[in-house]
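To start, the structure under review is shown below, and the notes come after it.
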Amino acid sequence: MSSTDSITLTRPDDWHLHVRDGEPMRTVVPHTAAQFARAIIMPNLREPVTTTAQALAYRDRILAAVPAGTDFEPLMTLYLTDNLQPEEIRRAKAAGIVACKLYPAGATTNSDAGVTSLGKIYPVFEAMQREGLLLLVHGESTAPGVDVFDREAVFIDSQLIPLRRDFPALKIVFEHITTREAAHYVRDAGALTAATITAHHLLYNRNAIFTGGLRPHYYCLPVLKREVHRLALVEAATRGGARYFLGTDSAPHPAHLKEHASGCAGCYTAHAAMEMYAEAFDAAGALDRLEAFASFNGPDFYGLPRNTGRITLRRESWTPPAAFPFGDAELKPLRHGETLPWRKA
Ligand code: NCD
Ligand code: ZN
């Protein structure tokens, strides 16, 4: 095999992941733990994770779903609401919680309890800045009338720029960026602003949602954008430097709720996450940049140690299963029934 038919990397981390709760975790947690040493666990459960006590209990339930003999560390986050108190931030820090997630109310799945106006929680941002918790942002404007494809760009101008200015020492991760505007904003926003990028936003543009009919498994939020944006994300991930890193936003939903008149947003990619990132980096001629993006930039930004283990990916085509069990339902992974060109050894 030539060197480009196989790559070995420091074990990566997933800096943006949904694992849900209960029985479905038996499927999705092992998929992630097989690839990643750590993952930032999103707190948007049906009853959001808003207290340190809830986060620690959730962490225990996740650990119970990790297969014996696999090392995996869930990194916990709190869900910001209008009512979260600054004292909770100190408790969270003391308990090892690393970040808080900002969902503008109504922006995405289980975001109804999210923040209605950033000004309401300035004391919480102050406490986070003081304690050194990161702020993870779902960056989409929910203002009525904003076109769904423009929500990210509008959020930058109307919310993120003022927030960044008012809390200059707060580490901010702009989650799952999807546009050229977001990639460029992060590039120009200084050392304490970073972004995660999903595999599906590197591989697909919005045509994927409509090719041959409406394809709900390609629907996520923020929604896939035009090709010009995908190209800007590929450029950022492969050549943009240390403040862009891997976050799958793997977001499992029961298949019957995605294949539905009002289908849920979220692409499930944890079953083949590194394979899809390798495909995207390979297509850009940048496989040599994958390790920094997947394994170094995230821990460096979070101020955590890099992992020591290794994983190997080989050029070998394979087909993911049509579906996985998901509690009483089925989970259809992205690319089910299609071939993938890279495979984890
Ligand atoms: C996520 C989910 O289902 O929890 N959905 C998605 O489309 N990405 C929520 C989110 O990250 O926006
Ligand atoms: Zn997400």
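The values are calculated or read from the model by the stated rules, or taken from the named source; none is laboratory data. Values in this document were obtained by computation on a predicted structure and should not be read as measured data. Methodologically, a virtual Cβ is constructed for each residue, glycine included, from the backbone with ideal geometry; neighbour enumeration extends over all protein chains shown.
Any idea which of (1) over 15 Å from the mean Cα position of the chain (by Cα); (2) within 22 Å of Thr269 (Cβ to Cβ); (3) at pLDDT below 95 is the one Asp71 doesn't satisfy?
(3)
Does Glu47 satisfy the condition of being more than 16 Å from ligand 1 (Cβ to nearest atom) and not hydrophobic (A, V, I, L, M, F, W, C)?
no
Conditions tested, residue by residue: (1) among the hydroxyl-bearing types (Ser, Thr, Tyr); (2) more than 27 Å from Val148 (Cβ to Cβ); (3) more than 20 Å from the chain's Cα centre (by Cα).
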{"site": "Met25", "(1), (2), (3)": "no, yes, no"}
{"site": "Val29", "(1), (2), (3)": "no, yes, no"}
{"site": "Leu84", "(1), (2), (3)": "no, yes, yes"}
{"site": "Leu102", "(1), (2), (3)": "no, no, no"}
{"site": "Thr108", "(1), (2), (3)": "yes, no, no"}
{"site": "Asp112", "(1), (2), (3)": "no, no, no"}
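Out of the range 33-50, which residues are surrounded by fewer than 21 Cβ atoms within 10 Å (Cβ to Cβ), touching a residue at least 24 places away in the same chain (Cβ under 8 Å) and charged (D, E, K, R)?
The one that is surrounded by fewer than 21 Cβ atoms within 10 Å (Cβ to Cβ), touching a residue at least 24 places away in the same chain (Cβ under 8 Å) and charged (D, E, K, R): Arg46.
Taking the range 1-52, which residues are in a helix (DSSP H, G or I) and touching a strand residue (DSSP E or B) at 6+ places or on another chain (Cβ under 9 Å)?
Across the range 1-52, the qualifying residues are Thr4, Asp5, Arg26, Thr27, Val28, Val29, His31, Thr32, Ala33, Ala34, Gln35, Thr52.
If a residue must be in contact (Cβ under 8 Å) with a residue 24 or more places away in the chain, surrounded by 15 or more Cβ atoms within 10 Å (Cβ to Cβ) and touching an Asp or Glu at 6+ places or on another chain (Cβ under 9 Å), how many such residues does the range 119-151 contain?
Counting residues in the range 119-151 that are in contact (Cβ under 8 Å) with a residue 24 or more places away in the chain, surrounded by 15 or more Cβ atoms within 10 Å (Cβ to Cβ) and touching an Asp or Glu at 6+ places or on another chain (Cβ under 9 Å) gives 11.
Specify the residue that is farthest from Asp82 (Cα to Cα); the eligible residues are those in the range 93-122 that are of a type in the set (Lys, Arg) and out of contact with any strand residue (DSSP E or B) (no Cβ under 7 Å at 6 or more places or on another chain).
Lys93
Might you let me know whether the range 236-258 holds any residue that is among the acidic types (Asp, Glu), in contact with a helix residue (DSSP H, G or I) (Cβ under 9 Å, 6 or more places away or on another chain) and surrounded by fewer than 24 Cβ atoms within 10 Å (Cβ to Cβ)?
No, the conditions are met nowhere in the range 236-258.
Suppose we filter the range 82-111 for residues that are within 16 Å of ligand 2 (Cβ to nearest atom) and out of contact with any helix residue (DSSP H, G or I) (no Cβ under 7 Å at 6 or more places or on another chain); how many remain?
12
Any residue that is crowded, with 18+ Cβ neighbours inside 10 Å and over 15 Å from Thr269 (Cα atoms) - is there at least one of those in the range 314-321?
no
Does Val49 count as aliphatic (A, V, I, L, M) and either within 27 Å of Tyr277 (Cβ to Cβ) or within 15 Å of ligand 2 (Cβ to nearest atom) (or both)?
For Val49, the condition - aliphatic (A, V, I, L, M) and either within 27 Å of Tyr277 (Cβ to Cβ) or within 15 Å of ligand 2 (Cβ to nearest atom) (or both) - is met.
So which strands (runs of 3 or more DSSP E) are wholly in the range 261-345 and hold at least 1 residues that are under 30 Å from Ile172 (Cα atoms) and away from ligand 2 (no atom under 16 Å from the Cβ)?
By residue number, 310-318.
In the range 203-250, what residues are of a type in the set (Ser, Thr, Tyr), within 16 Å of ligand 2 (Cβ to nearest atom) and out of contact with any Lys or Arg (no Cβ under 8 Å at 6 or more places or on another chain)?
Tyr218, Thr248, Ser250, listed by residue number.
With Thr196, Thr178 as the choices, which residue is free of Cβ contacts under 8 Å to residues at least 60 places away in the same chain, closer than 27 Å to Ala278 by Cβ and crowded, with 21+ Cβ neighbours inside 10 Å?
Sole residue among the options that is free of Cβ contacts under 8 Å to residues at least 60 places away in the same chain, closer than 27 Å to Ala278 by Cβ and crowded, with 21+ Cβ neighbours inside 10 Å: Thr178.
Which condition breaks for Arg26 when tested against (1) surrounded by 21 or more Cβ atoms within 10 Å (Cβ to Cβ); (2) more than 21 Å from Val98 (Cβ to Cβ)?
(1)
So in the range 237-251, with the set limited to residues that are of a type in the set (A, V, I, L, M) and away from ligand 1 (no atom under 16 Å from the Cβ), which one is farthest from the chain's Cα centre (by Cα)?
Ala242
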